[in-house]
Amino acid sequence: MTEKKLPFNKDQIEAIIKKYPTPFHIYDEAAIVKNVQKFIKAFSWNEGFKEYYAVKACPNPSILKLLREQGCGTDCSSLPELVLSDMAGITGENIMFSSNETPLPEYVKAKELGAIINIDDITHVDFIHKNIGLPELVSFRYNPGPERTGNAIIGNPVEAKYGLTKEQLFTGYKMLAERGVKRFGLHTMVASNELNPEFFVETARSLFQLARDIHNKLGIKLEFVNMSGGFGIPYKPEQTALDIDYISGKIKALYDEMIVPAGLHPLKLFTECGRLITGPYGYLVTTAIHEKHIYKDYIGLDACMANLMRPALYGAYHHITVMGKENEPCDHKYDVVGSLCENNDKFAIDRMLPKIDIGDRIVIHDTGAHGYSMGFNYNAKLRSAELLLHADGSVDMIRRAETIDDYLATLKF
Ligand SMILES: *Cc1c(COP(=O)(O)O)cnc(C)c1O
């Protein structure tokens, strides 16, 4: 069970709304910092441990800077994400560039920033080597294929476009060494929003086994293994958060059993979590502007799927709080919807909530990752602002809402 708490009460959010009209995403700085500190501490047994925050989860340099101050790097997969990292003061090997079908200019920028390049396909070894030269430190993304079953969101690895096969890995590291690469890493990502802790233990086991196989076959000692992201969060109150200390403890036991005796210590462990780090600490704050009663009962919000795609895209559950009515009975069944001309523009379907009145503030939970960032401009809908709530209750706007001028700015008319 997870208690769905808010970092503000009705009076506090009303005071914020006076200055910043709804809708907006608001991020809880203190909670993000506390959470990332706890995460990093759980893995402190591994000397080189580093969390490379997945920029796509919340691509705002104010958030990236906050995470940098806690010791995080970034995981980037596009040129603008590299630029955002640079803006936040994250450069060099504090960037993991995990891209696929990568356009050359993106490799150029990654190399210029000194990022760790994580290669997604064996043909990219010579693509980089011939065009811009390989950096000193390179890693490969491994696709375990039939050896692992993926989870619901990311799918079966055999059907996934990412990574190299196991055979290609051995050829690939040899190619890297022949082309002058001196330092090597290994990466895999086989889960998304996974809440089963054993999944991550198994990922570590398969990476440690490969580190041993690569050493045995090629004499190459890996510098790091990157188990990537995909750590789930309890979107639903009846779900339970992952026990990171448990996962880390199991991985340490595997490290002591598989890596140390093989003479492969020190081997750095990296993660690329997005959702786990910021997901639970962002909220989409909206206002109920209409109610409609036809075959079902609808509450219309001033936000729409342009602000949060997950419910429409994956049927994802996002918890909803009606501000000031936290203790009232949930005796009304609503579809809570946005204004987009798409019938899947629904934040909740058949959700039991307290009676909602026009003007009520409706807060949608767990929008701190893959929330704002997935937003789009379909139907010419404009994306909202992003706010940062500080520990002392003060608020900074860290991105303003889009305007019509922003929307028209790319037109040549
Ligand atoms: C999306 C992504 C992540 C982050 O995923 P989360 O589910 O937010 O942890 C990490 N690494 C890569 C390569 C990704 O594509």
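Could you work out which residue, out of Asp392, Asp256, Asp11, moves most in a Gaussian network model of the chain, that is, has the largest mean-square fluctuation with Cα springs under 10 Å?
So, out of Asp392, Asp256, Asp11, the one fluctuating most is Asp392.
Using a/c under 1.5 as the rounded threshold, could you call the stretch 280-408 rounded, prolate or oblate? The axes a ≥ b ≥ c are square roots of the C-alpha gyration tensor eigenvalues, and prolate needs a/b larger than b/c, oblate otherwise.
Since a/c reaches 1.5 but b/c is at least a/b, the shape of the stretch 280-408 is classed as oblate.
With the full set of protein chains in place, find how many percent of the accessible area of the stretch 43-273 is carbon and sulfur; take the probe as 1.4 Å.
51
Amide H neighbours of Tyr52 under 5 Å, at least 5 residues apart or on other chains, H built in the peptide plane: list them.
Gly73, Thr271, Glu272, Cys273
Local charge sum around Asn46 (other residues, Cβ-Cβ under 10 Å, Lys/Arg +1, Asp/Glu -1)?
+2
Which angle from 0 to 90°, rounded to the nearest 10, does the C-alpha axis of helix 166-178 make with the longest principal axis of the chain?
The helix 166-178 is inclined about 60 degrees to the chain.
Straight-line reach from Lys109: which lysines fall under 27 Å, measuring Cα to Cα and dropping same-chain residues less than 8 apart?
Answer for Lys109, where 27 Å is the Cα cut-off: Lys50, Lys56, Lys65, Lys130, Lys161, Lys174, Lys182, Lys268, listed by chain and number.
Enumerate by residue number the chymotrypsin sites (Phe, Trp or Tyr not before Pro) in the stretch 16-54 meeting two conditions: DSSP loop (anything except H, G, I, E, B), and at most 16 other Cβ atoms within 10 Å of the site's Cβ.
For chymotrypsin sites (Phe, Trp or Tyr not before Pro) across the stretch 16-54 that sit outside H, G, I, E and B with at most 16 neighbouring Cβ atoms in 10 Å, the list reads Trp45.
Suppose the chain between Asp331 and Arg205 were pulled fully straight at 0.36 nm per residue; how much longer would it get relative to their current alpha carbon spacing?
That works out to 40.6 nm of additional length.
Residue by residue through the stretch 134-142, which ³J(HN,Hα) values in whole Hz follow from phi under the Karplus form 6.51 cos²θ - 1.76 cosθ + 1.60 (θ = phi - 60°), with glycine and proline marked x?
7, x, 6, 10, 9, 10, 10, 8, 9
So what is the 222 nm mean residue ellipticity for the chain from helices alone, if each DSSP H run of at least 4 adds -39500 (n - 2.57) and you divide by all residues, rounding to the nearest 500 deg cm²/dmol?
On the way: 12 runs with 120 residues, N = 413.
Here the helix-only value at 222 nm equals -8500 deg cm²/dmol.
May I ask you to give the percent of accessible area on the stretch 280-408 that is carbon plus sulfur, with a probe radius of 1.4 Å?
Carbon and sulfur: 52 percent of the exposed surface of the stretch 280-408.
First measure r as the distance between the Cβ atoms of Ile358 and Leu104, then evaluate 1/(1 + (r/R0)^6) with R0 = 51 Å and state the FRET efficiency to the nearest 0.05.
That pair, Ile358 with Leu104, gives E of 0.45.
Return a whole-number percent for the relative contact order of the chain, with Cα pairs under 8 Å and 6 or more residues apart as the contact set.
19
Could you run the Karplus curve 6.51 cos²θ - 1.76 cosθ + 1.60 with θ = phi - 60° over the stretch 398-413 and give me ³J(HN,Hα) per residue in whole Hz, x for Gly and Pro?
Calculated HN-Hα couplings, in order: 9, 7, 7, 5, 5, 10, 4, 4, 4, 5, 7, 4, 8, 6, 10, 9 Hz.
Distance between Cα centroids, the stretch 99-153 to the stretch 24-88: provide it in whole Å.
21
Apply the Karplus curve 6.51 cos²θ - 1.76 cosθ + 1.60, θ = phi - 60°, to the phi angles in the stretch 23-30 and return the couplings in whole Hz, x for Gly and Pro.
x, 8, 8, 10, 10, 8, 4, 4
For the chain, what is the accessible area per residue in Å² when the probe is 1.4 Å?
44
Hey, can you grab everything whose amide H is under 5 Å from the amide H of Phe347? Only 5+ residues off in sequence or another chain; H modelled, so Pro and N-termini drop out.
Residues meeting the amide H criterion: Val336, Val337, Gly338.
Can you bin the stretch 43-273 into rounded, prolate or oblate? Criterion: square roots of the alpha carbon gyration tensor eigenvalues sorted a ≥ b ≥ c, rounded for a/c under 1.5, prolate for a/b above b/c, oblate for the rest. Write out the running numbers ahead of the final one.
Values: a/c = 1.43, a/b = 1.09, b/c = 1.32.
Cα axes put the stretch 43-273 in the rounded bin.
Could you order the peptides 225-234, 194-203 from most to least packed, using the average number of other C-beta atoms within 10 Å per residue?
So the order, starting with the most tightly packed, is 225-234, 194-203.
When the gyration tensor of the chain is built from Cα positions, what are the square roots of 5 times its three eigenvalues, in whole Å, from largest to smallest?
41, 23, 19
Are there any trypsin sites (Lys or Arg not before Pro) in the stretch 251-322 that are in a DSSP loop and have at most 16 other Cβ atoms within 10 Å? List them by number.
Listed in order of number, the matching sites are Lys296.
Nearest-5 percent of antiparallel DSSP beta bridges in the chain?
Among the beta bridges of the chain, antiparallel pairing accounts for roughly 40 percent.
The values are calculated or read from the model by the stated rules, or taken from the named source; none is laboratory data. Values in this document were obtained by computation on a predicted structure and should not be read as measured data. Cβ atoms come from the backbone with ideal geometry, glycine included; neighbour counts cover every protein chain shown. Only protein heavy atoms, including side chains, enter the accessible area calculation; ligands, DNA and RNA are left aside. Shrake-Rupley method; radii C 1.70, N 1.55, O 1.52, S 1.80 Å.
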